Ligand SMILES: [Zn+2]
């Protein structure tokens, strides 16, 4: 069978990750953290996108105002940024053939994007609509 993969499939991993970086506290994965000799307190922050306000939590120092993210907060913020990018039409997209083996539909992911999948055994699929799904490669 001849495969016809169009040039537009040339999306590299760095296109997906983007340019946003932040620090995750290296000593602890759960707050509160210590800053200026005292414990940080949870604070709620918001991002507005397309008229929607999305809130997320940070750990904030009452003295210097420095903000810290624990691993859960960092994960949520990453999801918010990804959704925001999607809503703004800035997420990389690609067209793939929808295959059917007589029982199940499946879609192939290009090798350039799956370098970190070698030890993964599961994918969590969230249905957004009957024709839109979010696939998260896990474990
Ligand atoms: Zn501080």
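List of remarks:
- So residue 72, is it within 18 Å of the chain's Cα centre (by Cα) and surrounded by fewer than 16 Cβ atoms within 10 Å (Cβ to Cβ): yes
- The stretch 60-80, subset closer than 14 Å to residue 47 by Cβ, part of a helix (DSSP H, G or I) and in contact with a strand residue (DSSP E or B) (Cβ under 8 Å, 6 or more places away or on another chain), residue nearest to the ligand (Cβ to nearest atom): 73
- For beta carbons closer than 9 Å, sequence separation of 6+ or different chains, a first residue in the stretch 64-81 that is assigned by TED's automatic domain parsing to the domain that holds residue 54 and touching a residue at least 12 places away in the same chain (Cβ under 8 Å) and a second that is assigned to a helix (DSSP H, G or I) and crowded, with 19+ Cβ neighbours inside 10 Å, the qualifying pairs are 69/77.
- Of everything listed in (1) near the ligand (Cβ under 10 Å from one of its atoms); (2) surrounded by 11 or more Cβ atoms within 10 Å (Cβ to Cβ), the single unmet condition for residue 37 is (2).
- Scanning the stretch 82-115 for residues that are without any contact (Cβ under 8 Å) to a residue 60 or more places away in the chain and not in a loop (DSSP other than H, G, I, E, B) returns 82, 83, 84, 86, 87, 99, 100, 105, 106, 111.
- One residue alone among 106, 29 is surrounded by fewer than 14 Cβ atoms within 10 Å (Cβ to Cβ) and touching a helix residue (DSSP H, G or I) at 6+ places or on another chain (Cβ under 7 Å), and that residue is 29.
- Restricting the stretch 37-51 to residues that are touching a helix residue (DSSP H, G or I) at 6+ places or on another chain (Cβ under 8 Å) and assigned to a strand (DSSP E or B) leaves a set whose member that is nearest to residue 83 (Cα to Cα) is 49.
- Residue within the stretch 89-102 that is away from the ligand (no atom under 16 Å from the Cβ) and on the phi > 0 side of the Ramachandran plot present: yes
The values are calculated or read from the model by the stated rules, or taken from the named source; none is laboratory data. All figures in this text were calculated on a predicted structure; none of them were measured in a lab. No Cβ is skipped: glycine too gets one built from the backbone with ideal geometry, and neighbour counts run over all protein chains shown.
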